[in-house]
1. Pull up region A:499-532, narrow it to residues that are assigned to a loop (DSSP other than H, G, I, E, B), more than 16 Å from RNA strand B (Cβ to nearest atom) and within 20 Å of the chain's Cα centre (by Cα), then point me to the one that is surrounded by the most Cβ atoms within 10 Å (Cβ to Cβ).
2. Which residue pairs have Cβ atoms under 9 Å apart, sit 6 or more places apart or on different chains, and have a first residue in region A:601-621 that is aliphatic (A, V, I, L, M) and a second that is within 7 Å of RNA strand B (Cβ to nearest atom)?
3. For region A:542-580, what are the residues that are more than 22 Å from A:Ala147 (Cα to Cα), away from RNA strand B (no atom under 16 Å from the Cβ), over 24 Å from the mean Cα position of the chain (by Cα) and not basic (Lys, Arg)?
4. For region A:19-57, what are the residues that are free of Cβ contacts under 8 Å to residues at least 60 places away in the same chain and either charged (D, E, K, R) or on the phi > 0 side of the Ramachandran plot (or both)?
5. In region A:343-398, which residue that is basic (Lys, Arg) and modelled with pLDDT of 85 or more is nearest to A:Tyr319 (Cα to Cα)?
6. Are any residues in region A:208-235 more than 6 Å from RNA strand B (Cβ to nearest atom) and assigned to a strand (DSSP E or B), and if so, which ones?
7. So which residues in region A:668-695 are part of a helix (DSSP H, G or I) and touching a residue at least 60 places away in the same chain (Cβ under 8 Å), if there are any at all?
8. Hey, could you check region A:55-80 for residues that are of a type in the set (Phe, Trp, Tyr) and over 10 Å from A:Leu35 (Cα atoms) and say which is farthest from the chain's Cα centre (by Cα)?
Amino acid sequence: MDAKSVEKKWQARWEKSKLNEFDKKDTKKPKYYVLEMFSYPSGAKLHVGHWYNYGPTDSFARFKRMQGYNVFQPMGFDAFGLPAENYAIKTGVHPKDSTEKNIETMEGQLRAMGAMFDWSAEVKTCEENYYKWTQWMFLQLYKHGLAYRKEAPVNWCPSCSTVLANEQVKEGACERCGTQVVRKNLTQWFFKITDYAEELLTGLDDIDWPEKTKAMQRNWIGKSTGCEIEFDCESGDKIRVYTTRCDTVFGVSYVVLAPEHPLARKLATPAQAKAVEEYIDYAAKASEIDRLSTAREKTGVFTGSYCVNPVNGKRIPVYLADYVLASYGTGAVMAVPAHDERDFAFATKYGLPIVKTIEKKGGETELPFCEDGIVVGSIEFDGLFGEEARDAIAAHIAKLGKGGKKVNYRLRDWLVSRQRYWGAPIPVVHCPQCGAVPVPEEELPVRLPYDVEFKPDGKSPLAKHEKFMHTVCPNCGVEALRDPDTLDTFVCSSWYYLRYADPKNESAPFGRDSVDKMLPVDTYVGGAEHACMHLLYARFFTKALRDMGYLDFDEPFRRLVHQGVILGPDGNRMSKSHGNVVSPDEYVEKYGSDAFRLYLMFGFSYTEGGPWNDDGIKAIAKFMDRVEKTVLRAHACTGGKKEYGAEEKALDYARNFAVSRVTRDLEAFSFNTAIARIMEFLNALSKYDALPEKNVPLFRAAAKDLLLLLAPCAPHFCEELWEQTGGKGSVFEQSYPKEDPEKLVLDEKEYAVQVNSKIVCRAMLPANAANEEIEKCALALPEVQDRIGNQTVKKCVVVPGRLVNLIVG
RNA sequence: GCGGACGUGGCGAAAUUGGCAGACGCGUUGGACUUAGAAUCCAAUGGGCAACCUUGCAAGUUCAAAUCUUGUCGUCCGCACCA
């Protein structure tokens, strides 16, 4: 079969008959929403990774369709982003132009894959009719108190005068010019994802996601239960610290603030002011990477101030140290050198006291001792252990009015401001009188102007665009400036699965009817690298929109599957710099898209991936060839016998076994085993085909099932064979074969017969006999008799249909 | 450092979730058909002459462990001093 012409033929026919489109009018069939993570339109062609994500998942979608679902499988482009802008800086090609060109190329390639994407629902996030609604989302979050502004540090390259993404900082230096990157504070917009921390955590229990992804999100959210404690300073200021180990509070020998802490400068005594200032400077200069490195030596500075430990009245010094992070907890820590490794290292270096207040249960206590133990030197709490001690001490602190139990999350609010051009403009006007004022909804979109200067020179590109910037305050009408920043592209991708349901809607981001009918996503497939960011943000959006009354489900993605990564042949991640990029094109050219897809499905464990090698691809072409021959021979077969004997029974068994296993395996994204089962079935058919006399109706029916089983995995190929063998309509309008359980019942099954857990022989034994009878049959076997001799059977374990184990002695 | 995973023939991988390790393929070897090769078909193929040995290594639980537990080595991923 000539793959190329067959592919073209069927792609054209599918398009014409709208076979791939979701039927919104169909009210009988249950809907099924299959979603693959949409692509970033890069300049490079579709790579093996795209194929690996989309090809097998498309087979899953087609399988669902044949099972009788009204399947929705859309595709689109995550089109805003940094690479297009960097490319513009480098080459002068406008991001809009390069992006549109790339999208066009990729659309062509995606169509050539022959996936059943519903192109009528295509979404491109950089288009006005999309980003208008991204801006609308911002306004709704703002309206509901979920968007706010505060100062936050950015990576700043003093030489390029520009903000850098973490990704652009290489070992503390700007990747473009090598200058040391510093941290600089800017006022930026945040989404209050932390309001949903608890629900984002508990919601994980009810969704069908890989456990490891759930574990990662749980870790990322990082719930901990501890205690907040207030330390009064001699200056009158109060320092609140957060600790998970309040059972060690009697051992506090100093308090540490993050260098960015609001009290850091205030607590510096005149004698220490210079040193404190220098230290704050030093910490700000250190790049994020340096700052967070474990290898970094603990440093800090004494503020000169003292505070009081509320539980024992001890006077203790206040330090600054950059091992304490402003972004976690309260940005301040009580240091207990005896029971914390970091505090221990710091105290040792600066000669601070180390006071033991916890002892190991039944053993020598070696400091620092960081596990739970028995409290000592802590007045009435002595003798308590671990959690018990923490409860008691927290209650005591609460009674003193100095804090108490507190739940804390590691999750931080989501910073969405980007000092970039190629993104959705933040729909806010800054008025000299009213402050930050949201743009009224009816004025959306705030259009992204085309004629801008991208060259980095210390300002957001939009800030230099006079016409864009100057406007009037929607509130009071005085002259005002627009927000010059754009939204993080993760904002665009946090709701695209909703827009797919109603992509042309002009008056709303999506119609309630459409969303109610089509969502949530039933199966979402994409890379594991999005475990913490995209997948968490999308869940947050869904929950926030639900609370605003726009949706009535809690989770956007009912089931999640991660495809593995196809590495280069050398075992490294495919990249230009490694020079190990494998292009799908030459394989598709040579073997056809079905064969390439089939190979990807068969040669790897889908969720594992692995290094590329093409050893098996020829075998797939051979397999397809055999399928073609067998199906055509069966179709042409005439005459034959009418009997239904042992051979027929064996063929029927193989057929039903394949149907049952392939169905189960496709459901589970276990594509390699599904195809293995189809191969076995083909082998059984070939064997039957070799018989001189055949039961033709059975042979034909079996060959038809083979074709139907394979259809989702090799769509063009099977569609063509379906037509050639007289099939009406599309093969994808057929029902997927269902097994006949009766044909899977066997009279006898092969048992492994063991004596003292060692295998002695294999024997065909009655399939539905009672355990006692199996034992009897096994005992009667000569091999068993030989092995047992005159020993007695003490115990017998029977695993029905599989194994019998006689314990003798 | 913390968290998560993974480790099975020469290779890609399976294993009904504790029940015959190596399904299905690749490769290799032998054979058939060919003037010859390609293609195709058939057979063998974890190791060892054997008893037996084999799921990174070492223990443990069990009638039974690739699967569970502990330790250990190695690889990968995520997070990065989380108080």
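1. Going through the qualifying residues, I end up with A:Tyr500.
2. Listed pairs, sorted by first residue: A:Met601/A:Asn672; A:Met601/A:Ile675; A:Ile617/A:Gly603; A:Ala619/A:Phe602; A:Ile620/A:Phe602; A:Ile620/A:Gly603; A:Ile620/A:Ile675.
3. Hit for region A:542-580 is A:Gly579, nothing else.
4. Hits for region A:19-57 are A:Asp23, A:Lys25, A:Asp26, A:Lys28, A:Lys29.
5. A:Lys349
6. Within region A:208-235, A:Asp208, A:Lys223, A:Thr225, A:Cys227, A:Glu228, A:Ile229, A:Glu230, A:Phe231, A:Asp232, A:Cys233 qualify.
7. Matches in region A:668-695: A:Phe671, A:Asn672, A:Ala674, A:Ile675, A:Ala676, A:Ser686.
8. Here the answer is A:Tyr69.
The values are calculated or read from the model by the stated rules, or taken from the named source; none is laboratory data. Predicted model, so just to flag it, every value in this text is computed and none were measured. Using ideal geometry, Cβ is built from the backbone for each residue, glycine included, and neighbour counts are taken over all protein chains shown.
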